[in-house]
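The values are calculated or read from the model by the stated rules, or taken from the named source; none is laboratory data. All values derive from a computational prediction rather than experimental measurement. Note that we place each Cβ from the backbone using ideal geometry, even for glycine, and neighbour counts take in every protein chain shown. Ligands, DNA and RNA are excluded from the accessible area calculation, which covers all protein heavy atoms including side chains. Shrake-Rupley method; radii C 1.70, N 1.55, O 1.52, S 1.80 Å.
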Amino acid sequence: MSLLETLRTNAGTGNAKIGLHILKAKVRQGDMVSGQVYVIGGEAEQKIDGVTISVMTTILVNEGERKVMQDAEIQHFSLTDSFRILPKEEKTVPFSLKLSPETPQTIHKVDVWLKTVLKTEKGKEASDEHDIHVMGTEAAEKILAAMHELDFSLKKALNIKSDLTHSGVVQELEFYPSHKFKRHFTILQLALISDNVGTTAYIKLVHEGGNQRNSLGHKAQETESKTLLHYRYGNVPDGEEVYQQLLHHLTSKT
């Protein structure tokens, strides 16, 4: 049964229902995401205050002495003004939004999803969610391919709060070094931060006994000194050149 058929089955009971359909769930950072939001009236006429859609992910935050995962909003869009909907009436709201280049990649256990919310005049809400698969920019993917070619293995990927981005979220990747580098450092931390101009890679080599949680995204003034590579959109070299630049940087630091 399709999403719209499911909504129709439940129409006419309770409040208005909402459903989210995405045309293409596999997208790249900075790409357009399009789809439709379906709204079907409930058992009585209602005033709808509006329909919104947000790009969501999870971040690691400190809660007292514990570290917990928390939902975080990357972007927020208003799709409609207020309107009235009759019992069982169907409305389709098409949308097309530009995904922020700061949206985390769905690597390892990182999730990204779209959440649409219908708000009524009495403060009640109905919502629906849809996961999306987010790939990196061209530069980000070539850097990760070079890491793989250098035989680095991904240990973890997580999102943290940061003052380096407009969204306040930075994705950090941790890698175990290859045999060639493991006597020089135990963990490589990598942050790939993209904006409207291009992609910048920041790197930190963590030595045994070092403070691994002095994260790249926490202080801009410290991270700026760790710039590894910067590629402008439309001017990204081929994968072999990215590989050689990354190898040169790592070799010069060991």
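Residues in region 181-234 that are in a loop (DSSP other than H, G, I, E, B), modelled with pLDDT of 90 or more, open to solvent by 20 Å² or more (accessible area, probe 1.4 Å) and not β-branched (Val, Ile, Thr): Asp195, Asn196, Tyr233, Gly234. Scanning region 140-161 for residues that are more than 14 Å from the chain's Cα centre (by Cα) and either surrounded by fewer than 16 Cβ atoms within 10 Å (Cβ to Cβ) or of a type in the set (Gly, Ala, Ser) (or both) yields Ala145, Ala146, His148, Glu149, Asp151, Ser153, Leu154, Lys155, Lys156. Residue count for region 47-98, restricted to those that are more than 24 Å from the chain's Cα centre (by Cα) and within 30 Å of Leu173 (Cα to Cα): 2. Taking region 103-114, which residues are open to solvent by 70 Å² or more (accessible area, probe 1.4 Å) and either charged (D, E, K, R) or on the phi < 0 side of the Ramachandran plot (or both)? The answer is Lys109, Asp111. Under 6 Å between Cβ atoms, at least 6 apart or on separate chains: pull out the pairs that start in region 232-247 with a residue that is under 18 Å from Leu150 (Cα atoms) and end on any residue that is open to solvent by 80 Å² or more (accessible area, probe 1.4 Å) and assigned to a helix (DSSP H, G or I). Taking only residues 6 or more apart or on different chains, the pairs are Tyr243/Glu149. When you look at Gly41, is it at pLDDT 95 or above and of a type in the set (Gly, Ala, Ser), yes or no? No, not satisfied.
Ala126 meets all of the listed conditions (1) within 20 Å of the chain's Cα centre (by Cα); (2) surrounded by 15 or more Cβ atoms within 10 Å (Cβ to Cβ); (3) touching a residue at least 60 places away in the same chain (Cβ under 8 Å) but one, namely (1). Please go through region 1-13 and pick out each residue that is closer than 19 Å to Ile132 by Cα and either modelled with pLDDT of 90 or more or part of a loop (DSSP other than H, G, I, E, B) (or both). The one that is closer than 19 Å to Ile132 by Cα and either modelled with pLDDT of 90 or more or part of a loop (DSSP other than H, G, I, E, B) (or both): Ser2. On the basis of being basic (Lys, Arg), assigned to a loop (DSSP other than H, G, I, E, B) and more than 19 Å from Lys24 (Cα to Cα), does Lys88 make the cut? Taking the combined requirement at face value, the residue satisfies it.
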